[in-house]
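Values in this text are rule-based calculations from the coordinates and carry no lab data. Because the structure is predicted, anything quoted here is derived from the model rather than measured. Don't worry about glycine lacking a Cβ; one is built from the backbone with ideal geometry, like all the others, and counts go over all protein chains shown.
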Amino acid sequence: MPHIYHKMRRFGFSLHRHISSTVPSRTRTCCLLQRVLPSSQSTVPGPSCQYKRDVSTALGSHIQDPSGPEQRLLDKLYEGLIGGQRASLAESITLVETQHPRKKELAQVLLQRVLVYRREQESRNGGKPVAFRVGLSGPPGAGKSSFIEVVGKMLTARGHKVSVLAVDPSSCTTGGSLMGDKTRMTELSRDMSAFIRPSPASGTLGGVTRTTNEAIVLCEGAGYDIVLVETVGVGQSEFAVADMVDMFVLLIPPAGGDELQGIKRGIIERADLVVVTKSDGDLVVPARRIQTEYTSALKLLRRQSKSWNPKVVRASSYTSEGIPEVWAKMESYRDAMLARGELQGRRRDQQKVWLWTLIQENALCHFQNHPSVREALPHLEERVTKGAISPGLAADLLLKAFSSSS
């Protein structure tokens, strides 16, 4: 992330002073400790209690105490969530997706409470993650939804609880999303051991990262031990999703022209497993050819992990042939990564990526809404479009206006 650090340094400490001045300081740590993280929830001594105190201190200096109705709502959502109620999970995800300032604060209170609960669950599990996060991506028409439905039904039949988070691209014109995954995964959507939630991209990559990351936390708090994150198409959102899952799976169709040219190399490099879909009927021979090509291509790429070599497998959602083998590969990956501690290390690195992505997004928002910037921006934009000044000089002038008046 060096480029992000460099960009943030240009804002200087004035950004920190400006943001700090807009967030009133409150000393409600003790109250929040009792309301948000009640001691009755703690069954793990030592580090868990210290963690609760640290969280409460952070919340107390940033978020106003919930009112009576707000506290009752948070208690209702939390109790329903950890009780495995799908309605409470859906309502909680809606809360974290909101853009309302006060509701965003309440969402953070709920998230911190769920994080404490998840941390206690992991402590009971020997420090290992309680859920397995898998990201699935591929070009349109690769059969992602069909693959997820077949895999999801197989896993629920084996006693797993599966949640599916589908990141749908938002329209740049209207801001809306299709949210069509529930209509495509008809059988899985009726399964009581499964939960399907389409999430809008909100037009920004940061929006994808924040809402999806927080939805993953809530799903794990609700007891879902398999979290599948699906993205539409092959683009920048795939890199964001790859930075929030334990395993990134690339799905490709067997007949798509020049396959190796048609998919970005960066996406292939991030893939831990490549699945050639629709390997049935007349497409079996093309699927085998694509499998051979990708196996050769992956050997030329630099390994991401010391514990795992990316594999290429074939599967058919129509006949279910190869589906159990795909899941077996996923389990082998998880076991290999857990054995050497790489999975836990990857999650720690992802938390830092998440942090800096949100800092960058929020810093840009503060910058754009600053009075001096808003006043100077139209004139500078006009001069840039006419070629009177360079974009670099205009950016420097805006940054100077922001810093001098903060």
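Brief remarks on what is shown
- Rounded FRET efficiency, nearest 0.05, which uses the C-beta distance separating Q85 from D65 and R0 of 22 Å: 0.25
- Potential extension, N362-R340 segment - 0.36 nm per residue separation minus Cα distance: 4.4 nm
- Packing rank of 308-318, 335-345, where each peptide gets the mean count of other beta carbons within 10 Å, highest leading: 308-318, 335-345
- Phi to ³J(HN,Hα) by Karplus 6.51 cos²θ - 1.76 cosθ + 1.60 over segment 267-279, Hz, x for Gly, Pro: 5, 4, 5, 7, 6, 8, 8, 10, 10, 8, 8, 6, 7
- If you take the Cα centroid of segment 350-383 and the Cα centroid of segment 296-333, the two points sit 41 Å apart.
- Full-stretch length increase - D396, S296 - with 0.36 nm per residue and alpha-carbon distance subtracted: 31.3 nm
- Net length available on complete extension from Y318 to S372 is 13.5 nm, with 0.36 nm assigned per residue and the Cα-Cα distance removed.
- Descending by average beta-carbon neighbour count within 10 Å, the peptides 373-383, 82-92 line up as 82-92, 373-383, the highest first.
- Pairwise label distance in nanometres, D349 with V130, each label 7 Å out on the Cα-Cβ vector: 2.6
- S305 paired with L73, simple spin-label distance in nm, labels 7 Å along Cα-to-beta-carbon: 4.0
- Hz values of 3J(HN,Hα) by residue in segment 91-96 - Karplus curve (6.51, -1.76, 1.60), Gly and Pro given as x: 5, 5, 5, 4, 5, 6
- Built amide H within the under 5 Å cut-off of L136, gap 5+: V229, E230, T231, V249
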